[in-house]
1. Hey, ASP454 hits all of (1) charged (D, E, K, R); (2) modelled with pLDDT of 80 or more; (3) not in a helix (DSSP H, G or I) but one; which does it fall short on?
2. Determine, yes or no, whether ILE103 is without any contact (Cβ under 8 Å) to a residue 24 or more places away in the chain, closer than 18 Å to GLU121 by Cβ, of a type outside the set (Phe, Trp, Tyr) and in contact with a Lys or Arg (Cβ under 7 Å, 6 or more places away or on another chain).
3. I'm checking my understanding of the structure. Among residues of the stretch 375-418 that are under 20 Å from ARG444 (Cα atoms) and of a type in the set (D, E, K, R), which one is modelled with the lowest pLDDT?
4. Mind checking which residues of the stretch 244-254 are open to solvent by 10 Å² or more (accessible area, probe 1.4 Å) and among the aliphatic types (A, V, I, L, M)?
5. Name the residue that is nearest to PHE301 (Cα to Cα), counting only residues in the stretch 235-268 that are within 34 Å of the chain's Cα centre (by Cα) and acidic (Asp, Glu).
6. Looking at the stretch 221-251, which of its residues are touching a residue at least 40 places away in the same chain (Cβ under 8 Å), in a helix (DSSP H, G or I) and out of contact with any helix residue (DSSP H, G or I) (no Cβ under 9 Å at 6 or more places or on another chain)?
7. Listed residues LEU71, LEU82, LEU41; which is in contact (Cβ under 8 Å) with a residue 24 or more places away in the chain, of a type outside the set (Phe, Trp, Tyr) and touching a helix residue (DSSP H, G or I) at 6+ places or on another chain (Cβ under 7 Å)?
Amino acid sequence: MNIQGRVLLVDDEAMVREATGQWLELSGFNVDAFSSAESVLPHIDSQCDAVLLTDVRMPGMDGLALMQEALKRAPDLPVILLTAHGDVDMATEAMRGGAYDFIEKPYVPNRLVERVQRACEKRRLTLENLRLQQNLNTRSDIDARLIGISPAIQRLRGEILALAELDTNVIIYGETGTGKELVAQCLHEYSRRNKRHFVPINCGAIPENLIESELFGHEAGAFTHAAKRRIGKFEYASGGTLFLDEIESMPLNLQVKVLRALQEHQIERLGANAPIPVDLRVIAAAKVDLRDDPGFREDLFYRLSMSELHIPPLRERLEDVPLLFAHYVHRGALDHNREPRELSDHDIQALQAYAWPGNVRELKNIAIRYAIDSRTSLVDLLSRQQPQMFKPVMNSTTLPLAVQVADYESRLIRDALERHKGNIKAVMEELDLPRRTLNQKMLRYGLNRGDFTDE
């Protein structure tokens, strides 16, 4: 029988407590029964994985006082009140005070099971969201920002951390939507320049007659409508990082001026004669290899390409797709006050059978729509996106997701055991796993504590 959830049952009447507990257990719930409010409180905290089902009228601390104390310890804990017929008005008031639901005695057993089942599902989702948030917060920053377990994304994270320290100019190559600006931000934030500005500019989005003023600034009266002095992106980024996206679209005459600014470490505003020193790092991004672009100056290319980064398209790291999708579904649900939707095995297969021409940007948009619209299936969303892209793309070298996740999970546990020399308590705290769960996973992966101790 599948376990439907855990229930903390509180009732001072032994016969009612026993009958209710037996019915819930027969319906698939784990039940811990208590005869008083005082005896259940030590079992309630913010990580409590149960729902509280309590009678209202009890000697000592009654059900309402228990609810108030329980919600102090676990604000999101679902509390269901068992009420006599005359207590309905009071129970309704309790709902305003935080009760999840109330059931009037004598209750219909099936209705009780249905209410408890919904409460358990709500508690499970709440704890799952909390754990996801905690995992994101405790991961290293770059792991949380560039999500994935594929060798390609792990290699990219390592390259970013290594290049961030060098303070050299960088060209980032990647298809539309792969996250070139995010990679540039990471290079800036892990560099010594991270206290100063990160200044992005899309060279393809600014009209040709305005881009020079955007980059170098202008003095008042430098041209028509130049009513006052403007600080350009080069000057504003001094001390920090300038990100030139879609640099392949930069006009040839402007490339000459950018090259000169980089060589001489100074710029001149339009309409001015005095040079202004600048100290900045330039990160450029392009969709095509600039070596093969006849419209891009070779000398500027060599000035920018002291280092290069290549971001793999999403279709080349399909094992990361479910992780990324779940991440953005979670964020979309939080932003729009929705319960996060879970992915089925069929959903995961669909995610990995789509070619993702728009890469992570497209995935994020679909994930948010999926989080908001609970009536639409994932397959429908993907089919409506670009039907011709909805086809199997997994190659024979790609392991099933379950195998990859199991391998990743076993390595995490093995590494933690090695770091803590087999200290189970320390491993539990680092991985945020209950003892029973850790034991089950160690058994599943053939990991023995004794293999990691000094004894």
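1. ASP454 satisfies every listed condition except (2).
2. On the way: without any contact (Cβ under 8 Å) to a residue 24 or more places away in the chain: yes; closer than 18 Å to GLU121 by Cβ: yes; of a type outside the set (Phe, Trp, Tyr): yes; in contact with a Lys or Arg (Cβ under 7 Å, 6 or more places away or on another chain): yes.
When the stated conditions are applied, ILE103 passes them.
3. From the stretch 375-418, those under 20 Å from ARG444 (Cα atoms) are 399-418; that's our starting set.
With of a type in the set (D, E, K, R) added as a condition, the list becomes 407, 409, 411, 414-415, 418.
Working: ASP407: 60, GLU409: 70, ARG411: 76, ARG414: 84, ASP415: 83, GLU418: 87.
The selected residue is ASP407.
4. Taking the stretch 244-254 as the starting set, the residues that turn out to be open to solvent by 10 Å² or more (accessible area, probe 1.4 Å) are 245-246, 248-249, 251-253.
Across the stretch 244-254, the qualifying residue is only LEU252.
5. Filtering the stretch 235-268 for residues that are within 34 Å of the chain's Cα centre (by Cα) and acidic (Asp, Glu), the one nearest to PHE301 (Cα to Cα) comes out as GLU248.
6. Across the stretch 221-251, the qualifying residue is only SER249.
7. Only one candidate qualifies: LEU41.
For every residue, the table says whether it meets (1) assigned to a loop (DSSP other than H, G, I, E, B); (2) more than 30 Å from GLN154 (Cβ to Cβ).
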{"residue": "ILE206", "(1), (2)": "yes, yes"}
{"residue": "ILE211", "(1), (2)": "no, yes"}
{"residue": "LEU254", "(1), (2)": "no, yes"}
{"residue": "ALA272", "(1), (2)": "yes, yes"}
{"residue": "ILE283", "(1), (2)": "no, no"}
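The values are calculated or read from the model by the stated rules, or taken from the named source; none is laboratory data. Worth saying up front: this structure is predicted, and the values here are computed from it rather than measured. Positions of Cβ are generated from backbone atoms using ideal geometry, with glycine treated the same way; all protein chains shown enter the neighbour counts. For the accessible areas, the whole protein counts, side chains as well, though only heavy atoms, and no ligand, DNA or RNA atoms are used. Shrake-Rupley method; radii C 1.70, N 1.55, O 1.52, S 1.80 Å.
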